[in-house]
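Q: Take this structure, written in structure tokens, and hold onto it; I'll ask about it next.
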Amino acid sequence: METGGNSLPSGPDGVKRKVSYFYDPEVGNYYYGQGHPMKPHRIRMTHALLAHYGLLQHMHVLKPNPARDKDLCRFHADDYVAFLRSITPETQQEQLRQLKRFNVGEDCPVFDGLYSFCQTYAGGSVGGAVKLNHGHCDIAVNWAGGLHHAKKCEASGFCYVNDIVLAILELLKVHERVLYVDIDIHHGDGVEEAFYTTDRVMTVSFHKFGDYFPGTGDIRDIGYGKGKYYSLNVPLDDGIDDESYQSLFKPIMGKVMEVFRPGAVVLQCGADSLSGDRLGCFNLSIKGHAECVKFMRSFNVPLLLLGGGGYTIRNVARCWCYETGVALGIELDDKMPQHEYYEYFGPDYTLHVAPSNMENKNSRHLLEEIRSKLLDNLSKLQHAPSVQFQERPPDTELPEMEEDHDGEDERFDPDSDMDVDDERKPLPSRVKSEFPEPEAKDMDDIRENEHNRELDLKCSEPLA
Ligand SMILES: [Zn+2]
């Protein structure tokens, strides 16, 4: 497998990873309303497949702690969170101005339990980040998360709170640099916007571009200020198949891993990029989609796997079940086991489905142009004057770190997982100081900058 020459330890793919899987049995009951394509039921279908394929016994299965107001407010505006908490289908008619202001009503309807739904899916993603930060697992999975369109003060594209941004903020407490990769068919606009001006988070989105929601994600959008070249956009056209997709994904992500060297990776696995999606127009097979998971897993960097879009729900469940198997290093039988949603998968009752014969509008020439443009942008990162960047020591072994966490016991209390850091001093030495800082003259300067950055992050303002 091509790894773009990255030098991180990368064992054989067969090597087992410790996986934490977040699931709330209530999540399948939330209902966006009649005719709405977003169906949380798909998460329950995925879980049923995992159970009957025997995968749950290989993972640490966790019910997420609901994210609290203050957790959500690390990214979102207080008044927006208060609105989400208080709005109900019964009272929404009295709140028309607020609904409009926060873009709630049409694509993002008010439904029963909306706020607890947000708390649940965000709790899973932040909880996954906490597990990774503590070194309790190698891969954390939250298929209910990945709602990448939500903005600081606005719902968008079926997303209300941005669990991904919240999870990345959590990972940044421990990791100097976090990589976000988005293979949903839609541009990962909410996450890109949140981190557009920072070099601590690199966002890479592969998406359909051109007369398609949300309209952003031009190849020329590359980040701003300190964040210049730390946003990457891969614009694609209808009908892209596995081979074309991987001809971009592997060289680009291999190069990103080599030059950015993230301490943790968040992979949004939106399944609306699969062939036959109700809203999508790509032609990926489940194996082609999962190849992205396999590739990112091969770098042996703490990995958070999230869901996202996906509107042909039987295929979403197939895909996320198969990708859970990939996370675990277990290949699943194509013949599906009997389970409570078995009838959804007829007439073949198989895990995999053949892609269609639709036209691939992505010409070789265009793909080559995109690849070379993006690799060129990445080479500007590589050649930036960032000596510290090149000299980054190996990642700290977090499990060992835990043994000398004197005075930090409450950080490891599962009940306090999500209010870490609020009144705390910055974590000594957990965030390493080899941060690329061209202006800094020596390590002390860098540390001081880092310290300030950490304090900044607690208010989560500079990232917005
Ligand atoms: Zn999508």
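Q: Kindly indicate whether any position in the range 313-322 is away from the ligand (no atom under 16 Å from the Cβ) and under 22 Å from Val265 (Cβ atoms).
A: Scanning the range 313-322 turns up at least one residue that is away from the ligand (no atom under 16 Å from the Cβ) and under 22 Å from Val265 (Cβ atoms).
Q: For the range 134-152, give me the residue count where each residue is outside any loop (DSSP other than H, G, I, E, B), more than 16 Å from the ligand (Cβ to nearest atom) and either of a type in the set (D, E, K, R) or surrounded by fewer than 24 Cβ atoms within 10 Å (Cβ to Cβ) (or both).
A: 0
Q: Which of the residues that make up the range 170-184 are closer than 24 Å to Asn233 by Cα, in contact with a strand residue (DSSP E or B) (Cβ under 9 Å, 6 or more places away or on another chain) and either away from the ligand (no atom under 16 Å from the Cβ) or part of a strand (DSSP E or B) (or both)?
A: Across the range 170-184, the qualifying residues are Leu171, Leu172, His175, Arg177, Val178, Leu179, Tyr180, Val181, Asp182.
Q: Conditions first: (1) of a type in the set (Asp, Glu); (2) out of contact with any Asp or Glu (no Cβ under 9 Å at 6 or more places or on another chain); (3) more than 16 Å from the ligand (Cβ to nearest atom). Asp163 passes all but one, so which condition is the exception?
A: (3)
Q: For His289, which of the numbered conditions (1) within 16 Å of the ligand (Cβ to nearest atom); (2) farther than 15 Å from Leu351 by Cβ; (3) within 18 Å of the chain's Cα centre (by Cα) fails to hold?
A: (2)
Q: Quick test of your reading of the structure: Gly124 fulfils all but one of (1) surrounded by 24 or more Cβ atoms within 10 Å (Cβ to Cβ); (2) within 16 Å of the ligand (Cβ to nearest atom); (3) under 28 Å from Ala48 (Cα atoms); (4) not aliphatic (A, V, I, L, M). Name the failing condition by number.
A: Only one criterion in (1) surrounded by 24 or more Cβ atoms within 10 Å (Cβ to Cβ); (2) within 16 Å of the ligand (Cβ to nearest atom); (3) under 28 Å from Ala48 (Cα atoms); (4) not aliphatic (A, V, I, L, M) is unmet by Gly124, namely (2).
Q: So the check is Cβ under 9 Å with 6+ separation or different chains; which pairs have a first residue in the range 195-218 that's under 17 Å from Asp184 (Cβ atoms) and a second one that's of a type in the set (Asp, Glu) and more than 15 Å from the ligand (Cβ to nearest atom)?
A: Lys208/Asp237; Phe209/Asp218; Phe209/Asp237; Gly210/Asp237; Thr216/Glu193
Q: Okay, moving on. Assigned to a helix (DSSP H, G or I) and buried (at least 23 other Cβ atoms within 10 Å of the Cβ) - does that describe any residue in the range 229-242?
A: No, every residue in the range 229-242 fails to be assigned to a helix (DSSP H, G or I) and buried (at least 23 other Cβ atoms within 10 Å of the Cβ).
Q: Further, regarding this structure: Any residue at all in the range 243-262 that's within 16 Å of the ligand (Cβ to nearest atom), in contact (Cβ under 8 Å) with a residue 12 or more places away in the chain and surrounded by fewer than 24 Cβ atoms within 10 Å (Cβ to Cβ)?
A: Within the range 243-262, not a single residue is within 16 Å of the ligand (Cβ to nearest atom), in contact (Cβ under 8 Å) with a residue 12 or more places away in the chain and surrounded by fewer than 24 Cβ atoms within 10 Å (Cβ to Cβ).
Q: Quick one: what pairs do we get from the range 297-320, first residue farther than 22 Å from Ala122 by Cα, second within 16 Å of the ligand (Cβ to nearest atom) and polar (S, T, N, Q), C-beta under 9 Å, 6+ apart or different chains?
A: From residues that are farther than 22 Å from Ala122 by Cα, the pairs are Asn315/Ser275.
Q: Does His187 satisfy the condition of being in contact with a Leu (Cβ under 7 Å, 6 or more places away or on another chain), within 13 Å of the ligand (Cβ to nearest atom) and either modelled with pLDDT under 95 or not in a helix (DSSP H, G or I) (or both)?
A: no
Q: I'd like the residue in the range 21-40 that is within 20 Å of the chain's Cα centre (by Cα) and within 19 Å of Gly123 (Cβ to Cβ) and, out of all such residues, is surrounded by the most Cβ atoms within 10 Å (Cβ to Cβ).
A: The qualifying residue surrounded by the most Cβ atoms within 10 Å (Cβ to Cβ) is Phe22.
Q: Now for a different question. Applying the selection to the range 153-175, what residues are under 28 Å from Pro37 (Cβ atoms) and surrounded by fewer than 24 Cβ atoms within 10 Å (Cβ to Cβ)?
A: Listed by number, the residues that qualify are Cys153, Glu154, Ser156, Gly157, Phe158.
Q: Let me ask another. Going by what's in this entry, would Ser356 be described as of a type in the set (Gly, Ala, Ser), crowded, with 19+ Cβ neighbours inside 10 Å and over 16 Å from the mean Cα position of the chain (by Cα)?
A: no
Q: Listed residues Phe206, Phe213; which is crowded, with 23+ Cβ neighbours inside 10 Å, within 16 Å of the ligand (Cβ to nearest atom) and outside any helix (DSSP H, G or I)?
A: Only one candidate passes the filter, namely Phe206.
Q: Inspect all residues belonging to the range 225-232 and state whether any of them is within 15 Å of the ligand (Cβ to nearest atom) and under 20 Å from the mean Cα position of the chain (by Cα).
A: No, the range 225-232 contains no residue that is within 15 Å of the ligand (Cβ to nearest atom) and under 20 Å from the mean Cα position of the chain (by Cα).
Q: Does the range 265-276 contain any residue that is within 18 Å of Glu359 (Cα to Cα), within 16 Å of the ligand (Cβ to nearest atom) and either out of contact with any His (no Cβ under 9 Å at 6 or more places or on another chain) or part of a loop (DSSP other than H, G, I, E, B) (or both)?
A: Yes, the range 265-276 contains a residue that is within 18 Å of Glu359 (Cα to Cα), within 16 Å of the ligand (Cβ to nearest atom) and either out of contact with any His (no Cβ under 9 Å at 6 or more places or on another chain) or part of a loop (DSSP other than H, G, I, E, B) (or both).
Q: Looking at the range 152-167 only, could you name the residues that are closer than 24 Å to Arg42 by Cβ and not acidic (Asp, Glu)?
A: Within the range 152-167, Ala155, Ser156, Gly157, Phe158, Cys159, Tyr160, Val161, Asn162, Ile164, Val165, Leu166, Ala167 meet the criteria.
The values are calculated or read from the model by the stated rules, or taken from the named source; none is laboratory data. Keep in mind the model is a prediction, meaning the values are calculated, not measured. Glycine also receives a Cβ, built like all others from the backbone with ideal geometry; neighbour counts cover every protein chain displayed.
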